[in-house]
Structure formats: structure tokens, C-alpha cells
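Encoded as C-alpha cells, the structure appears first; notes follow it.
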Amino acid sequence: GPCGPCSEIYYDAEGKVQGPKSVEAWNLVFTQFDRQPDGSLKPLPRKNIDTGMGLERLTRVIQGVETDYETDLFAPILEAIRGLPRTTTKASAAAQRKATYAIADHMRAVMFLAAEGLLPSNESRGYVLRMLVRRTHRFGRSVVGLLGGKNGAFLADLVEPVERAMTGSSYSRLLAEQRDVVRRVVSQEEAQFIETLQSGMGRLDDVIRRYQATKTIPGEEAFKLYDTYGFPLELTIDMAQEHGFTVDRAGFEAALNTQQERSRAASQFTGGVFVTDSLQVRQALKELPAKGAQFVGDAGL
């Protein structure tokens, strides 16, 4: 694909050349070639310069702080997180600080995705949004010890601080207009994840106890957590790493493929009806009206 030599612009408060506190604030790629499959370089008919700047990093340089998270781009969000009620955890101060940064970063991404109309799902970009919500909640509860409100939910409390952090930016109007939508998406997805955790944590704890000797969660066990309890593979991997475990990815994929083959075979005898994700089914049932539904016939079917 297109490629070429590049040049980075670094800033170091101590005047060192790529010292420990150096920040790459700008990057330029002089796109001149099209790299072929065999590695050879074919000159591009139209050469160009691809340049990019890290907003957070440039802000860090301008404001003279140690990290991106000390800039005013994150300050209101971090202040809100630190103000939430919490309990003590086994995590070190460094781990809690890192998790707090991740919560602020993830929450900002979650809000922009939801404001653009994206909904959590098990596919493509919706899956990215779902995983960001779930990781944010898990970091808050298990690492930082945030207590939250009903059932431990706390993400909705960060909607306003993120919006405040973006005040004056070109994004502030979008977030203000979509505030109710964002809050609803965040709250519903977090509530669903809390239900997932409550139903599956016992199973995961049992798996971790049984495989202490190998420190590896077998693929079939990871698949059961996914298929029965709604734990995505990435979530199982994240939680396994916290206990010093790895997950047999290949075994998980094999179990998933086997299940998909069974579903395809079964569909030949069920008119093409597939069993969907159990969590999606439960969510759909919850959205049915509690009362007042009226049967109006089979519409001639």
C-alpha cells in the first residue's frame, strides 16, 4: 500500500533528544511509493504529504503538564470520577490511577459514538461501543471500587462531566443535542452488563479455581461463558489477565465454529429460524409492554 519516509516532531520540556519525557506532537509521512506484495516500491503517480497531530498531546505540550490526563480536556471527567462514592479494593494506587484514566478516556469515546447514532451490538462498530461500556464499568467497580447508584451503575453520572469537558469545542453542540439519547444508551447497556456479570461471575470464579495449575482457561470454558452467560471473549481475556491467566483463543474459535455449524444444520429443519444471543432475547422481552398488549389476529398468515 501507499508508504514513504516519515518525520516526527518531538517536544521535550528538558530539552533532551527523545528523552523519557519526550512527546511526539506531530507526524508527517511523505507518501511516495506503493509497496508491492513482494516488498518492492512502485512510485506513486501523485505524491503527497500525510500529516497528523495528536490533539491531547499538543494540549499537554501547550499546558506544560506531565500527561494528557492532566490537561483540561480530561480534568472535569477525572474530577467527577474521583467524587463518586467508592469502597476500598485490593488494587494498588498506581492501578487505580491507570483505571481512572481509562474510565475517562473510554467514557468520552462512548459518548461520541452514541451521539453519532451508534448502538451497542455484537457486530462491527456496535461491538466496539459495547466493549467500551463494559470495560468502563468493570474498571470502575473492580479496580477503583466505585459504588454507583442502582445496582452499582455509575456511567450516567459521567455524561454531564464529559459534555462539560467539551464545552467550547466543535463537538459540544452535538453532545448537547444528543444528551438524552446518550444517557439512555449508556444506562441500558450498563444495566444489561451488570446483569451479565451477576449471572456469570460465579462461573468464571469456578473456572479460575479449577485451572490454577495451568493458568489457562480452556477454549471450551471461554465459549461456555460467552454462549451461556454472555461474556464476550475479550471480556474473559481481560478478567483472566487480572488473575495471571491466559485464554485458549484457538479452542474458543473451534468451539464457536462447531456451534455455528450445528445452528446451520438445524436451520434446515426450522425454516431458517436461528437462536440469537441470549442477552438480546432477554433485552427484547424486557422491552415488551408489561400490559395492555392486544392480539389482533394472524394478519392472514
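The values are calculated or read from the model by the stated rules, or taken from the named source; none is laboratory data. Remember, it's a predicted structure, so these values are computed and weren't measured experimentally. Here the Cβ is made from the backbone with ideal geometry for all residues, glycine too, and neighbour counts use every protein chain on show. With ligands, DNA and RNA removed, areas are computed over all heavy atoms of the protein, side chains included. Shrake-Rupley method; radii C 1.70, N 1.55, O 1.52, S 1.80 Å.
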(request) Quick one: count up the residues across the range 74-97 that are in contact (Cβ under 8 Å) with a residue 40 or more places away in the chain, surrounded by 15 or more Cβ atoms within 10 Å (Cβ to Cβ) and closer than 15 Å to residue 140 by Cβ. (result) 9
(message) Here is a check on your reading of the model: is residue 196 in contact (Cβ under 8 Å) with a residue 12 or more places away in the chain and within 30 Å of residue 250 (Cβ to Cβ)?
(response) yes
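Evaluate the following for residue 126: is it open to solvent by less than 30 Å² (accessible area, probe 1.4 Å), part of a helix (DSSP H, G or I) and without any contact (Cβ under 8 Å) to a residue 12 or more places away in the chain?
Yes; evaluated as a whole, the condition is true for this residue.
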(request) Please give the number of the condition residue 117 fails out of (1) farther than 25 Å from residue 70 by Cβ; (2) crowded, with 16+ Cβ neighbours inside 10 Å. (result) (2)
(message) Give me the residue from the range 129-168 that is in a loop (DSSP other than H, G, I, E, B) and either at pLDDT 95 or above or open to solvent by less than 10 Å² (accessible area, probe 1.4 Å) (or both) and, out of that set, nearest to residue 59 (Cα to Cα).
(response) 154
(request) Within the range 169-196, work out how many residues are open to solvent by less than 30 Å² (accessible area, probe 1.4 Å) and either among the charged types (D, E, K, R) or closer than 14 Å to residue 131 by Cα (or both). (result) 8
(message) Go through the range 99-114 and report how many residues are under 12 Å from the mean Cα position of the chain (by Cα), open to solvent by 20 Å² or more (accessible area, probe 1.4 Å) and in contact (Cβ under 8 Å) with a residue 40 or more places away in the chain.
(response) 1
(request) Return the residue satisfying two criteria in turn: it lies in the range 33-68 and is open to solvent by 40 Å² or more (accessible area, probe 1.4 Å) and among the hydroxyl-bearing types (Ser, Thr, Tyr), and of such residues it is nearest to residue 99 (Cα to Cα). (result) 67
(message) Pairs please, first residue from the range 1-20 and assigned to a loop (DSSP other than H, G, I, E, B) and open to solvent by less than 70 Å² (accessible area, probe 1.4 Å), second anywhere and among the polar types (S, T, N, Q) and modelled with pLDDT of 90 or more, Cβ atoms under 8 Å, 6+ apart in sequence or on different chains.
(response) 4/31; 4/32; 5/32
(request) From (1) surrounded by fewer than 19 Cβ atoms within 10 Å (Cβ to Cβ); (2) under 14 Å from residue 165 (Cβ atoms); (3) more than 20 Å from the chain's Cα centre (by Cα), pick out the condition that doesn't hold for residue 71. (result) (1)
(request) Run residue 109 past the list (1) part of a helix (DSSP H, G or I); (2) touching a strand residue (DSSP E or B) at 6+ places or on another chain (Cβ under 9 Å) and report the number of the one that doesn't hold. (result) (2)
(request) Considering each residue of the range 22-52, count those that are assigned to a strand (DSSP E or B) and farther than 23 Å from residue 62 by Cβ, and give that number. (result) 17
